[in-house]
Amino acid sequence: MSEINTRSEYEQLIQQLNEHAYHYYVLDEPIIADQEYDVLYKELLRLEAAHPEWVTEDSPAQRVADQPLDRFHPVEHALPMLSLGNVFSKDELSDFNQRIVKFLEKAQVGISDISYCAEPKLDGLAVSIRYQDGKLVQAATRGDGNTGEEITANIKTIQSIPLSLRGDDFPEILEVRGEVVMPRDGFQRYNQWALENNEKVFANPRNGAAGSLRQLDPRKTAQRPLAFYAYSVGLVQPAHHHQRHSDVLAWLKSLGLPVNDLTSVVQGSIGCLDYYQKIAGLRDGLNFDIDGVVYKVDDLAQQEILGFVTKAPRWATAHKFPAEEATTLVENIDVQVGRTGSITPVARLKPVSVGGVTVTNATLHNEDEIRRKDVRVGDTVFVRRAGDVIPEVVKVVLAKRPDHSIPFTMPITCPVCQSELHKIEGEAVLRCPAGLTCDAQLKEGIKHFASRKGMDIEGLGDKLVEQLVDAGLVHSPADLYCLTESQVAGLERMAQKSAQNLLDGIERSKQTTLPRFIYSLGIREVGEATAMTLANHLYKLATIMTASHEELILLPDVGDVVASRIVQYFANKGNIEVIEALLQAGIRWPEIIGKSEEKLPLAGKIVVLTGTLSTLKRTEAKQKLLDLGAKVTGSVSAKTDLLVAGENAGSKLAKAEQLQVQIVDEQWLLDQ
């Protein structure tokens, strides 16, 4: 090649290299040999060393940052990254299809055969990548669906992800959702290298992808063989109109983003089942792990009508493959103590690979289950990963049971604190009644308290929690706020800087919200949704703590059992002492100002949010609507009372106008 001497020639070289990358990674049709690409790339490196003032962000040579991160920062998704429902059989798939048909019929959309966009369900890590004016500016993990962790520097190291979009048919803001995976051949090469260099090997490609994206040093991520496939979009501003989901995928591919080439449009449940069987037959020969297939209603207008249930879309589902099974030997059976004192028998197994993961333990659930299956030490058992995740014992191979085997009996005392175990009437689970005075329950309680959905204490991992409890430094969650730098720095694998980072994370956690605080307490049966209900209806911690059973069961989604758990928790003197100590440590949250229902302007109203808001974050707008008494849903229907419309409201606005639903703007909401 002729020598390059001008900036315009340098920019043309970048364009040339990016075009070659598109043909290689997206079209899988390289137009030059690897050696020729290497020559061009070396010329780029020479030019950027000689002319650093020329360097642009979309240069392939600028993918890897030269400095490690200090920590991962939270990123709130503009639109939630939702999970999917599951089907596991032909009948469940047929039921899913029929529910969609009936729902559309009720919405007066007469259709008997639904078109679905079907694709393999990749087993990796879901991410959201934001492009602004065609340039990659931010990337984040899925996290809890609303908030993830920023991994921009790591995402830029993945060669198949363009730093700049192709062409000019892209909006000002485009959020691309997709899956990062570690291809099987790359996984094998990396593990071989790791073995030869005394580095940690990955148990499976999914762990490889997740672990690589959570490296604080992007230079390490750049060494890992990762790939990316786009499967949907999030925020698109201004809106880019398409009729079908398959059209959206084709558009993303035209912009330079990889899309799985096994994606296909099929008709009805029969077409879905044929696709499922086809992909199942190809599964073993693919270069990436999959655990099923995903079906999405292809028509975007129909998606809009179908809307959402809780945290999942009505218009999509995952059809999971049967869990892989293997046989192995039960070497021992012991019990584990959970956060709420539950005693769970666990089979310790001779290591066996199940679905690409080495399994050494499997749950036996409870006393009734272990008796039903009659699992004994020395038995040969079938093991599977339920939902391809949790290992469990399926059954015993009785023909291989050794002579003189002895049935397993559950302990009568806690293996950790020796308290006498008891079983609550109507429950199958044995429990240790010692609460936080049992180290096992204390450790699990602290982990729950510090979790992302709870107090979100950055830097307080499981192993550190165990060290703090074992060292006698923490006897309740409140003790976390009394730790000193010297105490933490004295623990194994800790030092002054890491100790200070932990203390900083603990200090930041003092500013929280009432729902998070309630969730963090670990009250049985009280998850995120119930904690939010308690906060939004009773407003103050003191009111929640003194609420009667009769008052609690009047709240939405709080039944008899949950109400009993809440009353029992706050009747415990030890729990009250911990709460008081936490408040004295400085934990605070914004006051929730309650109003009587008759004074709530939106009491009983069904409200939908749509479009981009300029002042409020989406979570803030939703919370304000809830505070006004509204029930916030995701789709417009004949039952919708009010639509709050921001910029680029799109099809929800059009449907609201068609149904003559009252429409207000963001300023109206701010004025309430």
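The values are calculated or read from the model by the stated rules, or taken from the named source; none is laboratory data. Everything numeric here is computed off the predicted structure, so don't read it as measured data. No Cβ is skipped: glycine too gets one built from the backbone with ideal geometry, and neighbour counts run over all protein chains shown.
Values computed for the structure shown
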quantity	calculated
First in the range 136-158 and closer than 19 Å to P225 by Cβ, second anywhere and assigned to a strand (DSSP E or B) and of a type in the set (F, W, Y), Cβ under 7 Å, 6 or more apart	I158/F228
Which numbered condition A362 misses (of (1) outside any strand (DSSP E or B); (2) small (G, A, S); (3) modelled with pLDDT of 90 or more)	(1)
Residue pairs meeting the criteria (Cβ under 9 Å; at least 6 apart or on separate chains; first under 20 Å from V259 (Cβ atoms) and in contact (Cβ under 8 Å) with a residue 60 or more places away in the chain, in the range 216-234; second of a type in the set (S, T, N, Q) and not in a loop (DSSP other than H, G, I, E, B))	L226/N154; L226/S212; G234/S128
Lone unmet requirement of (1) among the small types (G, A, S); (2) surrounded by 15 or more Cβ atoms within 10 Å (Cβ to Cβ); (3) within 30 Å of R184 (Cα to Cα) for A239	(3)
Unmet criterion (only one of (1) assigned to a helix (DSSP H, G or I); (2) surrounded by fewer than 16 Cβ atoms within 10 Å (Cβ to Cβ); (3) touching a helix residue (DSSP H, G or I) at 6+ places or on another chain (Cβ under 7 Å); (4) aliphatic (A, V, I, L, M)) for I100	(2)
Members of the range 130-149 that are in a strand (DSSP E or B) and in contact with a Phe, Trp or Tyr (Cβ under 6 Å, 6 or more places away or on another chain)	E149
Identity of the residue in the range 13-31, surrounded by fewer than 14 Cβ atoms within 10 Å (Cβ to Cβ), on the phi < 0 side of the Ramachandran plot and not in a helix (DSSP H, G or I), that ends up modelled with the highest pLDDT	I31
Residue within the range 619-627 that is in contact with a helix residue (DSSP H, G or I) (Cβ under 8 Å, 6 or more places away or on another chain), surrounded by fewer than 20 Cβ atoms within 10 Å (Cβ to Cβ), assigned to a loop (DSSP other than H, G, I, E, B) and not assigned by TED's automatic domain parsing to the domain that holds I305 present	no
Sole residue being assigned by TED's automatic domain parsing to the domain that holds L226 and under 18 Å from R452 (Cβ atoms), chosen from V176, V127, V181, V137	V127
E466 under 30 Å from D123 (Cβ atoms), surrounded by 14 or more Cβ atoms within 10 Å (Cβ to Cβ) and in contact (Cβ under 8 Å) with a residue 24 or more places away in the chain	no
Residue identified as assigned by TED's automatic domain parsing to the domain that holds D284, over 30 Å from S476 (Cα atoms), surrounded by 15 or more Cβ atoms within 10 Å (Cβ to Cβ) and small (G, A, S) among A301, A312	A312
Extreme residue, farthest from K655 (Cα to Cα), among residues of the range 278-307 that are out of contact with any Ser or Thr (no Cβ under 7 Å at 6 or more places or on another chain) and at pLDDT 95 or above	V293
